[in-house]
1. Of everything in the range 474-497, what is assigned to a loop (DSSP other than H, G, I, E, B) and closer than 17 Å to Phe451 by Cβ? Give them in sequence order.
2. Please go through the range 354-398 and pick out each residue that is in contact (Cβ under 8 Å) with a residue 12 or more places away in the chain, part of a helix (DSSP H, G or I) and among the hydroxyl-bearing types (Ser, Thr, Tyr).
3. Just checking, does the range 279-297 include any residue being under 16 Å from the mean Cα position of the chain (by Cα), modelled with pLDDT of 95 or more and not acidic (Asp, Glu)?
4. Restricting attention to the range 322-353, report how many residues are of a type outside the set (Gly, Ala, Ser), assigned to a loop (DSSP other than H, G, I, E, B) and surrounded by fewer than 20 Cβ atoms within 10 Å (Cβ to Cβ).
5. Does the range 642-649 contain at least one residue that is at pLDDT below 95, in contact with a helix residue (DSSP H, G or I) (Cβ under 6 Å, 6 or more places away or on another chain) and either assigned to a loop (DSSP other than H, G, I, E, B) or in the same structural domain as Lys569 (by TED's automatic domain parsing) (or both)?
6. Could you tell me whether any residue of the range 70-89 is under 27 Å from Ser215 (Cβ atoms) and of a type in the set (S, T, N, Q)?
7. Considering only strands (runs of 3 or more DSSP E) fully contained in the range 1-114, which possess at least 3 residues that are farther than 29 Å from Lys225 by Cβ?
Amino acid sequence: MKYKKINSNKILIDNIDKFKLGECYDSYKFMGCHIDSKNNTASFTVWAPNASEVYLVGEFNNWNKNSHPMINMCNSGVWNLSLSDIKQGDTYKYNVVGCDGISRLKSDPYAFFSQLRPDTASVVYDLNKYKWNDKKWNNKKIKENCNQIPINIYEIHLGSWKRKWNGDFFSYEELYEMIEYVKEMGYTHIEILPITEHPLDKSWGYQTVGYYSSSSRYGNPNEFKAFIDKCHENEIGIIVDFAYSHFCKDDHGLYKFDGSPQFEYQDKLKAENIGWGTAHFDLGKPEVSSFLISNALYWFNEFHVDGIRVDAVSSMLYLDYDIGQWKPNKYGGRENLEAIDFLKKFNESIYKYTKNPIIIAEESTSWPMVTGPTYKGALGFTYKWNMGWMNDTLRYMEMDPIYKKYHHELITFSFMYAFSENFILPLSHDEVVHGKKSLLDKMPGDAWQKFAGLRTLYAYYMIHPGKKLSFMGNEFGQGLEWRYSYGLEWELLDIKPHLDMKQYVKKLNTLYKDEKALYEVDNSYDGFDFIDPHNSEQSVVSIMRKGKKSKDFIIAVINFTPVVYYDYKVGVPYPGIYEEVFNSDDNAYGGSGQTMDKAELFSKYEKWNNKDYHITIKVPPLGATFIKGKDININKLEINKEEKILIGGKNEKLEIINRESISSLHSIKMQEL
């Protein structure tokens, strides 16, 4: 095997200082293994600052641990070796002789591909051969304001959406059918549980070894790129999950990489996450900052992902989060100061070097200003999961309806803080595992009430301000809890209530995309009106969502009990004719058919719910009705004649229509008088 001159690796020499200062955000371009096919060489580079020696080992030298020493570049702790005759698919590791004198075989932290567990070697892979076909999608995406478009995310675990009978995984190419399914169901984005390489299936990918390596469970990196390309072709965005707070402690991974706490904190109280059995990244170390920020940009730039979700942000922000003993910061507080600085820098860098990214925080506390620009003091995330909404809502929905009137605040309190952050409403994987039961099984009552309760939950979720996220299987009423080693219960779609539920969710998703009122003003009280939050006795809430234009609004009346309410008054903003556009109790969805049968609803000039007008409707049991204006006067003109209906002309002159002619009202056209 021939050595190549070290000084020819100019890109490495030029970037070592930036890497060590924590300011190199494309470090993946020179760290790890890079093939130069023109010169038939490969360059291997690894950071191990406290190692006494580092050797490159692999197939090429029959795994001889000491035959190929690497060079400590300028005594920087960045080790390099360039070799000829390395080819794609070759496996390799680093033999790192630590500061403690112990020799450890380590996988490449920057490897672009890895062996499938239980094997742990890194794989030589050239990322530059894939030709993208998503220019149309990218041009469309960069013109959009994500706060003003529908975002309805289908959260998936690739290994258990479907699973082969022999236990094998579906490949990326075989999972193209999932893309068609997601498109058919009306979702806008797919969020994938961590796709990075991980040794233990049971961790779902949240305890990672290969942060730059897409999991070999489903195929190679170019096949994953093709999967993303296919999503974009079908106008579906891709969001990928990452755990940047902690990493697993497997021998071949990042833990004590050079015999010292290299990627993790030196302080054991900060380094160890006792609850998860993992190690925390040292977020104050410059090289770790270069490693992690480069990693996020790698997935945006090299894989064209549209967004990332950062898992367990709370464990980054708090020194006392699930670790047992802890020490306060220099001010005596529990906040992790370097983590705060890191997260701001992380988000700023993504926004600087990518176009219109979506960055989501799973932050489970009331930490202020998680979303919003850093120059205003926020952490810089685009969205935050609304965990408070999720906890309160599911607790309320699990109650027997007879007790709900005593806990009405659980279903209304979230509106008090709904616009304090840019929220996503999560009905996520975390809520259907570990004995929590599936969403369907959480609902109280008999089989009919369970399905009705689930339809009601989805209607409330859709009308509530905030972008949407729902875990796979929720859409057809998965019966069992999610099991990571098995596919979803697709056979349930042979049973009518589950098929009806799937059609219901499809209709609801379509309505969400079609109605600007449900997404256009998602982060301001300008897009919301709580018509009646106070009816705890009947456990009914009335909500209005509004778009930018006055004509774009939807009123939802949601009943959380199995009682039908007739002649129910609802305040409306404008005089005119209203109609029911969606009812969760429709027979088509397995409901009891307590709908308004396309009846026209005529407003009365009588104050109700702090509105000048009201309509009278039928409220379905354990259900929701969505109402829109059909023929209304948005100028809020007033009349003083009881039992009359007002129609506004173009020049604001009026026609007063008596009740006797009300049945033909829909056919009367506005005329200038």
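The values are calculated or read from the model by the stated rules, or taken from the named source; none is laboratory data. Since this is a predicted model, take the numbers as computed values, not measurements. FYI the Cβ positions are ideal-geometry reconstructions off the backbone, even for glycines, and counts take in every protein chain you see.
1. Of everything in the range 474-497, those that are assigned to a loop (DSSP other than H, G, I, E, B) and closer than 17 Å to Phe451 by Cβ turn out to be Gly477, Gln478, Gly479, Leu480, Glu489, Ile495.
2. Thr374, Thr393, Tyr396
3. Checked against the condition, which is being under 16 Å from the mean Cα position of the chain (by Cα), modelled with pLDDT of 95 or more and not acidic (Asp, Glu), the range 279-297 yields at least one hit.
4. Filtering the range 322-353 for residues of a type outside the set (Gly, Ala, Ser) gives 322-323, 325-331, 334-338, 340-348, 350-353.
Going one step further and asking which of them are assigned to a loop (DSSP other than H, G, I, E, B), we end up with 322-323, 325-331, 334, 336.
From what is left, the residues that are surrounded by fewer than 20 Cβ atoms within 10 Å (Cβ to Cβ) are 322-323, 325-331, 334.
Number satisfying all stated conditions: 10.
5. Yes, the range 642-649 contains a residue that is at pLDDT below 95, in contact with a helix residue (DSSP H, G or I) (Cβ under 6 Å, 6 or more places away or on another chain) and either assigned to a loop (DSSP other than H, G, I, E, B) or in the same structural domain as Lys569 (by TED's automatic domain parsing) (or both).
6. Scanning the range 70-89 turns up at least one residue that is under 27 Å from Ser215 (Cβ atoms) and of a type in the set (S, T, N, Q).
7. Fully inside the range 1-114 and qualifying: 53-58, 91-97, 103-106.
This table checks each residue for (1) in contact with a strand residue (DSSP E or B) (Cβ under 9 Å, 6 or more places away or on another chain); (2) over 23 Å from Ala517 (Cα atoms).
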{"site": "Phe530", "(1), (2)": "yes, no"}
{"site": "Ser536", "(1), (2)": "no, yes"}
{"site": "Tyr578", "(1), (2)": "yes, no"}
{"site": "Asp597", "(1), (2)": "yes, yes"}
{"site": "Gly623", "(1), (2)": "yes, no"}
{"site": "Phe626", "(1), (2)": "yes, no"}
